[in-house]
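The values are calculated or read from the model by the stated rules, or taken from the named source; none is laboratory data. Here the structure is a predicted model, which means the values were calculated and not measured. Ideal geometry is used to build each Cβ from the backbone, glycine not excepted, and the neighbour counts take in all protein chains shown. Calculation scope for accessible area: heavy atoms of the full protein, side chains included, ligands and nucleic acids excluded. Shrake-Rupley method; radii C 1.70, N 1.55, O 1.52, S 1.80 Å.
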Amino acid sequence: MSNTPVSKNAPSKPFLTDVKTLRERARQNLSDGVVTTTYGGDVKKAIEILQSVLATEIVCVLRYTMHAVTATGISSEGVKAEFAQHAKEEQAHMMAVAERIDQLGGTPNFNPEGLATRSASQYAEGENLVDMIKENLIAERIAVDHYRELIRYFGEDDPATRVMLEGILSVEEEHATDMHDLLVAHEGKPPLAD
């Protein structure tokens with residue numbers, strides 16, 4: 001037993017709800033699904049934000065798929081395979097975000113109308129292999145910044161969404177590194193200023 005006095009200013013542990021109360025609350029508002037009274041965020045705003053994330057991931061799937069199909073050049077086969085792998089991983093992100101929207105009671109918006117305006121990243125085809133790599137690096141840099149902001153936004157209010165976004169961020173950072181490495185391999189340095 002410690003003789004250390006407990007300070008009145010010391011942070012207290014969060015209150016733990018008794019089992020009986022937890023059980024009673026769980027039976028209320030079943031139509032709300034995962035959203036219970038302890039959800040700390042604004043569900044409507046969370047769904048709206050995630051619709052934008054979904055659009056971003058759809059655009060990324062489309063861009064990487066287009067590049068995987070159309071990339072040409074003497075060293076394009078390895079790059080095409082990288083683009084195809086990234087398209088597959090972006091599709092997994094798309095599905096995770098769509099599932100989260102559904103869990104929160106929303107309907108994922110897969111409608112292609114307005115897709116480009118809902119997305120944080122752009123759909124840019126690129127004229128050649130190096131342009132394609134640059135466009136993907138730019139899109140990944142946008143995604144990395146966007147996901148970092150969203151992770152801070154959701155914070156402790158919606159830890160499940162935050163954790164999902166943290167997982168996506170980790171992959172997006174790997175994608176950015178891959179594109180940067182490809183750009184350096186093809187140009188010797190990443191001239192992003194042009």
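Summary of values
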| item | result |
| --- | --- |
| Single residue of GLU99, GLU127 found to be charged (D, E, K, R), under 22 Å from the mean Cα position of the chain (by Cα) and either open to solvent by 50 Å² or more (accessible area, probe 1.4 Å) or more than 19 Å from ALA176 (Cα to Cα) (or both) | GLU99 |
| Residue in the range 49-62 that is more than 17 Å from the chain's Cα centre (by Cα) and at pLDDT 65 or above present | no |
| Scope the range 48-59; condition closer than 8 Å to SER119 by Cβ and either crowded, with 19+ Cβ neighbours inside 10 Å or of a type in the set (A, V, I, L, M) (or both); matching residues | ALA55, THR56, ILE58, VAL59 |
| Qualifying residue in the range 112-119 (condition: charged (D, E, K, R) and out of contact with any Ser or Thr (no Cβ under 8 Å at 6 or more places or on another chain)) | yes |
| Condition check for ASN109: within 15 Å of LEU50 (Cβ to Cβ), touching a residue at least 12 places away in the same chain (Cβ under 8 Å) and open to solvent by 20 Å² or more (accessible area, probe 1.4 Å) | yes |
| Residue count for the range 63-95, restricted to those that are of a type in the set (A, V, I, L, M, F, W, C), assigned to a helix (DSSP H, G or I) and buried (at least 17 other Cβ atoms within 10 Å of the Cβ) | 6 |
| Given (1) outside any helix (DSSP H, G or I); (2) over 26 Å from LYS45 (Cα atoms), index of the condition ASN136 fails | (1) |
| Criterion (at pLDDT below 95, open to solvent by less than 50 Å² (accessible area, probe 1.4 Å), over 23 Å from ALA46 (Cβ atoms) and of a type outside the set (Gly, Ala, Ser)) met by exactly one of LEU115, LEU182, LEU192 | LEU182 |
| Which listed residue is surrounded by fewer than 19 Cβ atoms within 10 Å (Cβ to Cβ) and not in a helix (DSSP H, G or I), from GLU174, GLU156, GLU149, GLU166 | GLU156 |
